[in-house]
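Notes follow the structure.
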Amino acid sequence: MLASTPPLFDDALDAPIREELAPGAGVLRGFALGDAEDLLAAIRRVAARSPFRNVITPGGRTMSVAMTNCGAAGWFSDRRGYRYTAIDPETGRPWPPIPALFMRLARGAAHEAGFRDYAPDVCLINRYEVGARLALHQDRDERDRRAPIVSVSLGLPATFLFGGFLRRDPQRRVPLAHGDVVVWGGPSRMRYHGVLPVRDGVHATTGVLRYNLTFRVAR
Ligand code: MD3
Ligand code: FE
């Protein structure tokens, strides 16, 4: 009698971790799960030096997402405009360095998605309370728009809007959960995107918060 054929792969263990959204854009489900607790501890250390703040847009609105940065530069906004600064305008001191774990994770994810030698110089840390959202926008403040952006989701889940190259283009809704990492590169780099208001909930490790780390080559 023939032995039963062993399964070619075990769904839970060997399922493809890379989900292609569009050319150059891929989700690595759960890629940061093993590092989540250490990432959150590192976020706390960064925020102890450069606290989270709700910046003002050039139009005069206070953003619902609170932000801080680490790296050689940080993203900042006030009435004068959006820009990267070497000094945290709130503290008058340089942004804290990117923690080694952040760097390993970002490089590992970029490599997994096919981008070699990824060397981000900026990590923007977004913190969402329930109801916080990010309106549809393009990331266009970076000098090098060929380098991918790596984003890491922690805590409460969110629905990411993934649009096209024009603001009015239709958007796909991509659910992003704790530990998911997305690499946005190649032709997808300049797509419009946003985050729907975070829904009410409690996460085991972050409580009522969602964090997103966004790595970029800015300068
Ligand atoms: C898709 N943050 O800070 S980064 C941002 O969840 C931002 O906080 C999102 O968008 C967040 O600017 C997620 C994901 C991202 C970044 C750049 C992209 C997605 C992108 C560029 C093109 C397409
Ligand atoms: Fe963005």
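FYI, it's all coordinate maths here, none of it is from the lab. This is a predicted model, so every value here is computed, not measured. Note that we place each Cβ from the backbone using ideal geometry, even for glycine, and neighbour counts take in every protein chain shown.
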How big is the charge dipole of the chain about its Cα centre, in debye rounded to the nearest 20, if each Lys and Arg gets +1 on its Cβ and each Asp and Glu gets -1 on its Cβ? 1040 debye
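Which shape class applies to the range 72-116: rounded if a/c is under 1.5, otherwise prolate when a/b exceeds b/c and oblate if not, where a ≥ b ≥ c are the square roots of the Cα gyration tensor eigenvalues?
Numbers: a/c = 4.50, a/b = 1.99, b/c = 2.26.
It comes out oblate by the Cα gyration axes.
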How far apart, in nanometres, would the label points at ALA48 and ARG83 be if each is projected 7 angstrom from Cα along the Cα-to-Cβ direction? 3.1 nm
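Please report, in debye to the nearest 20, how large the charge dipole of the range 96-193 is about its Cα centre when each Lys and Arg carries +1 at its beta carbon and each Asp and Glu carries -1 there. Spell out each step's value before the answer.
Details: 15 positive and 10 negative charges, 63 e Å.
The calculation lands at about 300 debye.
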What do you get for the angle between helix 36-49 and the principal long axis of the chain? Use alpha-carbon atoms, 0 to 90 degrees, nearest ten. 10 degrees
Using only alpha carbon pairs under 8 Å that are at least six residues apart, calculate the relative contact order of the chain and give it in whole percent. 24 percent
The range 166-219 versus the range 39-104: alpha-carbon centroid distance in Å: 17 Å
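Would you compute, from DSSP H runs of 4+ residues alone, the mean residue ellipticity of the chain at 222 nm, taking -39500 (n - 2.57) per run and dividing by the full residue count, rounded to the nearest 500? Could you put the intermediate results ahead of the total?
On the way: 3 runs with 31 residues, N = 219.
Rounded to the nearest 500, the figure is -4000 deg cm²/dmol.
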Among 117-123, 176-182, 138-144, the order from most to least packed when residues are scored by Cβ within 10 Å on average: 176-182, 117-123, 138-144
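Classify the chain as rounded, prolate or oblate from the Cα gyration tensor: take a ≥ b ≥ c as the square roots of its eigenvalues, call it rounded if a/c is under 1.5, otherwise prolate when a/b beats b/c and oblate if not. Please list the in-between numbers first.
On the way: a/c = 1.67, a/b = 1.56, b/c = 1.07.
Judged from the Cα gyration tensor, the chain comes out prolate (a/c at least 1.5, a/b above b/c).
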Distance in nm between label sites at ASP141 and ASP38, each 7 Å beyond Cα in the beta-carbon direction? 3.0 nm
Rounded tilt (10° steps) of 100-112 against the dominant C-alpha axis of the chain: 50 degrees
Cα shape, the range 111-211, gyration tensor, a/c 1.5 rule: oblate
